[in-house]
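Here is the structure we will look at, set down as structure tokens.
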Amino acid sequence: MNLGNAVFPVTDGYSMPAEYDIHDGTLMIWPERPGSWGKNKDDARKAFCEIFSQIVKCEKLYVLVSENEINNAREMIYEACGAYKDNVNIIPMETDDSWARDVGPTFVRGPKGNIRGIDWEFNAWGGEVDGLYASWDKDDAVAKKFCEAINIDVYDAHPFVLEGGSIHCDGEGTVMVTESCLLSKGRNPKLSKEEIEQKLKDYLGAKKVLWLPFGIYNDETNEHVDNVCAFTAPGEVVLAWTDNKEDPQYEMSLRDLEYLESVTDARGRHLKIHKLYVPDTPVTCTQEDIDNYIFEEGEDEREPGERLAASYANFYFTNTAVLVPQFGGVNEESDKRAVETLSKICKNRKVIPIASRAILLGGGNIHCITQQIPAPVSNMMRKIVNFE
């Protein structure tokens, strides 16, 4: 059922659970777009399949695939998931790209534990102002279609433009965003900061919104929050960091740190902030990478030597694990450091490194291609399983 844009979850008592709350499953989209994944998509699909294989060990996996690719995709996905392939649900659906976090629904949970989706308007990260491709109609239709496919009611939030990667939630009334993204001219230019904040509170059932100044340097999404800072527990975050004052990321992260140190969350807690260092050596596009892309007219293009928005904060919680980006090459030590840092913080989950440079070449990372579907769990059951 489409609940329309006159109804908000907050009026129904619904709110967004944290990503580290219990999942029913994860939504992903098979990589096909040659402007993101290249004419040879082997590396990207290998990375996606590794993520599939980890998710299905502890929750359901939903993968959207175009009709043309469905037979090939099914074979590769089932092979990757092996003994857990019964947890795989492949759904035929046309999309423009594979950023499930941004085009899929954001899910909220009601007082009785039931789940609903939110269908934000998607305009390719900036529409006519600075959008990354010329046509995005298929992507904008994904959220509603997916909710219909899994028989979940959906709130229509159009024409409010938002991507899932631009919000992080602690599950206790706090939402975290970046000013650089949500106040960008290509999203909701007719709304004030206060009006945007109220929309977030209305749709997500939030009590407080934290506005970080910046995201990751050269992030083409206008600096999504999920690439720079993430909740790891109520009152606790990791922040992408560098000690290199010559790196443009230094001032951006410093401003974020100063802001986070100055605020409290929705429950009045001062935040515990962990520094999660970015790769010591910037990850850049090679000529070989550029030669593999096939860009459409109006699509944002890359150049040799272009710095990519590499960050370990773009990890994903499954029910039992934390899937962490790894960039390899000269950054092997940086990769290990990130795993060690998150292992100390996320003690109730196994931290699993995922080689993900091929995903980064598409423009995002592990968190960007995944979208959690919360379990329809009552408050009493959540207490029993120690999620509260």
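With +1 on each Lys and Arg Cβ and -1 on each Asp and Glu Cβ, how big is the dipole of region 9-382 about its Cα centre, in debye rounded to the nearest 20?
Working: 40 positive and 64 negative charges, 372 e Å.
Roughly 1780 debye, rounded to the nearest 20.
At the listed q of 0.14, 0.15 Å⁻¹, the Debye profile of region 146-228, built from one uniform point per Cα, gives log10 I(q)/I(0) equal to -0.49, -0.56.
Based on the Stokes-Einstein relation at 10 °C and a viscosity of 1.306 mPa s, and on the Kirkwood radius from alpha carbon pairs, region 243-298 is assigned a translational diffusion coefficient of 106 µm²/s. Note on the chain: with a GNM built from Cα contacts shorter than 10 Å, the maximum mean-square fluctuation among E59, E332, E32 falls on E332. Projecting the Cα atoms of F107, L64, S36 onto the charge dipole of region 18-115 (Cβ charges, centred on the Cα centre) puts F107 farthest toward the positive pole.
Stokes-Einstein diffusion of region 98-196 at 10 °C, 1.306 mPa s viscosity, Kirkwood radius from Cα pairs, rounded to a whole number: 112 µm²/s. Relative to the current alpha-carbon distance between N89 and S192, full extension at 0.36 nm per residue lengthens the span by 33.0 nm. Toward the positive end of the charge dipole of region 32-172, with +1 on the Cβ of Lys and Arg and -1 on the Cβ of Asp and Glu, the farthest Cα among Y155, A83, S53 is that of A83. Each part reduced to its alpha carbon centroid, region 170-219 and region 69-129 end up 23 Å apart. Taking the dipole about the Cα centre of region 228-300, with the C-beta of Lys and Arg at +1 and of Asp and Glu at -1, give me whichever of H274, T232, V263 is farthest to the positive side. Value computed over the given set: V263.
Can you give the helix-only mean residue ellipticity at 222 nm for the chain, where every DSSP H stretch with n ≥ 4 adds -39500 (n - 2.57) and the sum goes over all residues, rounded to the nearest 500 deg cm²/dmol?
Values: 14 runs with 116 residues, N = 388.
Per the formula, -8000 deg cm²/dmol.
What residue among C368, C181, C58 has the largest mean-square fluctuation in a Gaussian network model of the chain, using Cα springs under 10 Å? Residue with maximal mean-square fluctuation among C368, C181, C58: C58. Between S66 and Q287, residue separation times 0.36 nm minus the direct Cα-Cα distance comes to 76.6 nm.
How much net charge surrounds I354 when only the other residues with a Cβ under 12 Å from the Cβ of I354 are counted, with Lys and Arg +1 and Asp and Glu -1?
Numbers: positive: K46, R357; negative: E50, D335.
Surrounding charge for I354 is 0.
How charged is the neighbourhood of D139? Take every other residue with its Cβ under 9 Å from the Cβ of D139, and add Lys/Arg as +1 and Asp/Glu as -1. Please report the intermediate quantities before stating the final value.
Values: positive: K138; negative: D96, D97, D102, D137, D140.
Net charge around D139: -4.
Around the amide H of V322, modelled in the peptide plane, lie the amide H atoms of K350, V351, I352, all under 5 Å away and 5 or more residues distant in sequence or on another chain.
Taking the chain on its own, what percent of its Cα-Cα pair distances exceed 41 Å? Within the chain, distances greater than 41 Å cover 5 percent of Cα pairs.
Taking the Cα centre of region 263-348 as origin, work out the dipole magnitude from +1 charges on Lys and Arg Cβ and -1 charges on Asp and Glu Cβ, in debye rounded to 20. Intermediate results must be reported in sequence, preceding the final value.
On the way: 10 positive and 16 negative charges, 266 e Å.
Its charge dipole is roughly 1280 debye.
Past 26 Å, Cα to Cα, is the threshold; run K41/K185; K144/K199; K39/K185; K57/K336; K46/K344 against it and keep the listed order.
Numbers: K41/K185 33 Å; K144/K199 19 Å; K39/K185 32 Å; K57/K336 24 Å; K46/K344 28 Å.
Correct reply: K41/K185; K39/K185; K46/K344.
Per-residue extension of 0.36 nm, minus the Cα-Cα distance of E333 and E128, leaves a gain of 69.7 nm for this segment.
Taking 7 Å steps out from each Cα toward its Cβ at E297 and R255 produces label points 3.7 nm apart. A DSSP coil position with no more than 11 other Cβ atoms inside 10 Å describes the following trypsin sites (Lys or Arg not before Pro) in region 30-93: K39.
Taking only C-alpha pairs under 8 Å that are 6+ residues apart, what is the relative contact order of the chain in percent? Don't skip to the answer; put the middle values down first.
Values: 853 pairs, mean separation 85.7, N = 388.
22 percent.
Distance between the pseudo-spin-label points of M1 and N244 (7 Å out from Cα toward the beta carbon): 5.5 nm.
Each reported figure results from applying straightforward, stated rules to the coordinates on display, with no laboratory input. Note that the coordinates shown come from a computational prediction; the quantities given were computed from them, not determined experimentally. Positions of Cβ are generated from backbone atoms using ideal geometry, with glycine treated the same way; all protein chains shown enter the neighbour counts.
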